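Everything on this sheet refers to the single structure shown next.
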Amino acid sequence: MTSMDLRPDSPAAAGRTDTAPAGATPAGATPAGPVARHTFETRAVHAGRDDLAALGVHAVPIDLSTTYPLPDLPAAALALDAYAEGELPDGSAIYGRLTNPTVRRFEQALAELEGCADAVAFATGMAAVTACLLAAAARGRRHVVAVRPLYGTTDHLLSGGLLGNEVTWVEPDGVARALRPDTGLVMVETPANPTLAELDPAELAAQAGEIPLLVDNTFATPVLQRPATSGARLVLHSATKFLGGHGDVLGGVVACDADWAKSLRQIRFATGALLHPLAGYLLLRGLATLPIRVARASATAAALAARLAAHPAVARVHYPSIGGALVAFEPTGDPMRLVGALRLITPAVSLGGVDTLIQHPASLTHRVIDDAARAEGDIGPRLLRLSIGLEHEADLWADLSAALDRTNDSA
Ligand SMILES: *Cc1c(COP(=O)(O)O)cnc(C)c1O
């Protein structure tokens, strides 16, 4: 483990206020920069906005320009060379596919919250995953070592070979043995989608050694876990989920060091899966409430996980030791009937929003992967995944328990 700072006023401690169940592991070291002076919650509000007062505005400006005036053509020509290399030269943004000031605010804010030097935003989480795989391949390394379960489409992208990658699936303790000279990435999720299985990023980083470890941090968010402080080179988010937080924006982002940010921007420049400026605006706005949303949803989720575990119509409950808004469980009765009996909770894929959603991974998010992969990931036919929102715990439990009682085969 890297060092950590859990003084009452430290970012690591602040990030965990009210969210960490007893016995939880610490979130990680104090990131450098302004975060070191202010708590995580405070930086979540101010990150990416520190210059607004000097600009004379209060809300973040949205720049929708697709192109920019170029009065100094020779300077623009040189700048274009730099953009093509993945750099961010001073001066004109030149063209909307190269960079965008509103999106850049979101990138810098997320980088700060993850304790990373930089971040690169994409149109979706899958575009971010794709860019990481392409960047590794561009370095001549197409082999990936990965641990199941992963988000269904990530598993599908890897195992289907759609980008020409070769993947070796391993148990968490088998990462080091699977590394080859052409291994470009070690890819994991923790807590994983959909079983909430947990891995230790520091232990995996030690096994990966020189090979970059990519941790999909979508489920934990930087509120609960900052994998870069444990040695992950790449920290990926489907920003569609908790970062946006309201179910109304698609996005992806990778927080990383300066070298990888350059590679990822180079790929983004050439492949074009950019985040839209309006999405960048919404995601930056989402970050401001991320700590309180995750804290409240986690508290409700932990309480509901305990109540589910005590219910006779529930065979198995999965809830991460680090907390979080996701609960997975297996009813003793038919999961489809149970979902159909809910009135408040919405049956829908996705997660991380203000309202509670439930879905059946085997038939939805993890349908694209084959039976063997589902078995390997412990994604059973009865497994349901809940994403707890900001409704009151009592209302959610009333809905869940009524549906459980109504569909309990053993009753
Ligand atoms: C949703 C999700 C993704 C994919 O993100 P999109 O924004 O839907 O492309 C990747 N990883 C995890 C863990 C996810 O939940």
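The values are calculated or read from the model by the stated rules, or taken from the named source; none is laboratory data. Since the structure is predicted, the reported quantities are computational estimates derived from the model, not experimental observations. FYI the Cβ positions are ideal-geometry reconstructions off the backbone, even for glycines, and counts take in every protein chain you see. When the accessible area is computed, the model is the full protein with side chains, heavy atoms only, and any ligands, DNA or RNA have been set aside. Shrake-Rupley method; radii C 1.70, N 1.55, O 1.52, S 1.80 Å.
Results, tabulated for the structure shown:
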read-out	value
Subset of the stretch 31-74 that is modelled with pLDDT under 95 and among the small types (Gly, Ala, Ser) - its residue that is farthest from Ala255 (Cα to Cα)	Ala36
Single residue of Gly184, Gly209 found to be more than 16 Å from the ligand (Cβ to nearest atom) and free of Cβ contacts under 8 Å to residues at least 40 places away in the same chain	Gly209
Out of Val120, Val144, sole residue that is part of a strand (DSSP E or B) and touching a Gly at 6+ places or on another chain (Cβ under 8 Å)	Val144
Qualifying residues in the stretch 333-388 (those that are among the small types (Gly, Ala, Ser), farther than 23 Å from Glu171 by Cβ and away from the ligand (no atom under 16 Å from the Cβ)) - the one surrounded by the most Cβ atoms within 10 Å (Cβ to Cβ)	Gly333
Within the stretch 229-241, tally of residues that are within 16 Å of the ligand (Cβ to nearest atom) and either touching a Pro at 6+ places or on another chain (Cβ under 7 Å) or open to solvent by 10 Å² or more (accessible area, probe 1.4 Å) (or both)	6
Given (1) polar (S, T, N, Q); (2) away from the ligand (no atom under 16 Å from the Cβ); (3) open to solvent by less than 10 Å² (accessible area, probe 1.4 Å), index of the condition Thr154 fails	(2)
Pairs, first closer than 16 Å to Gly324 by Cβ in the stretch 228-244, second in a helix (DSSP H, G or I) and within 10 Å of the ligand (Cβ to nearest atom), C-beta under 9 Å, six or more apart	His237/Gly125; His237/Ala128; Ser238/Gly125; Ser238/Met126; Ser238/Ala128; Ser238/Val129; Lys241/Gly125
Residues within the stretch 58-78 that are among the β-branched types (Val, Ile, Thr), open to solvent by 60 Å² or more (accessible area, probe 1.4 Å) and assigned to a loop (DSSP other than H, G, I, E, B), tallied	2
Among (1) closer than 18 Å to Val235 by Cα; (2) open to solvent by less than 30 Å² (accessible area, probe 1.4 Å) - the single one Leu199 does not satisfy	(2)
Failed item in (1) modelled with pLDDT under 95; (2) within 15 Å of the ligand (Cβ to nearest atom), with Gly161 passing the rest	(2)
Top-ranked residue in the stretch 251-280 [being surrounded by fewer than 19 Cβ atoms within 10 Å (Cβ to Cβ) and among the aliphatic types (A, V, I, L, M); ranked as nearest to the ligand (Cβ to nearest atom)]	Ala273
Residues being within 16 Å of the ligand (Cβ to nearest atom) and assigned to a helix (DSSP H, G or I) - total across the stretch 123-141	10
Output for the stretch 244-279, where each listed residue is in contact with a Pro (Cβ under 9 Å, 6 or more places away or on another chain) and within 22 Å of Glu41 (Cα to Cα)	Ala255, Cys256
Test: residue in the stretch 191-198 that is over 25 Å from Val349 (Cα atoms), in a loop (DSSP other than H, G, I, E, B), over 11 Å from the mean Cα position of the chain (by Cα) and more than 11 Å from the ligand (Cβ to nearest atom)	no
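The rows are residues; the columns are (1) out of contact with any helix residue (DSSP H, G or I) (no Cβ under 8 Å at 6 or more places or on another chain); (2) within 29 Å of Asp200 (Cβ to Cβ); (3) among the small types (Gly, Ala, Ser); (4) touching a residue at least 12 places away in the same chain (Cβ under 8 Å).
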position: Ser321; (1), (2), (3), (4): yes, yes, yes, yes
position: Pro335; (1), (2), (3), (4): yes, no, no, yes
position: Leu344; (1), (2), (3), (4): no, no, no, yes
position: Ala362; (1), (2), (3), (4): no, yes, yes, yes
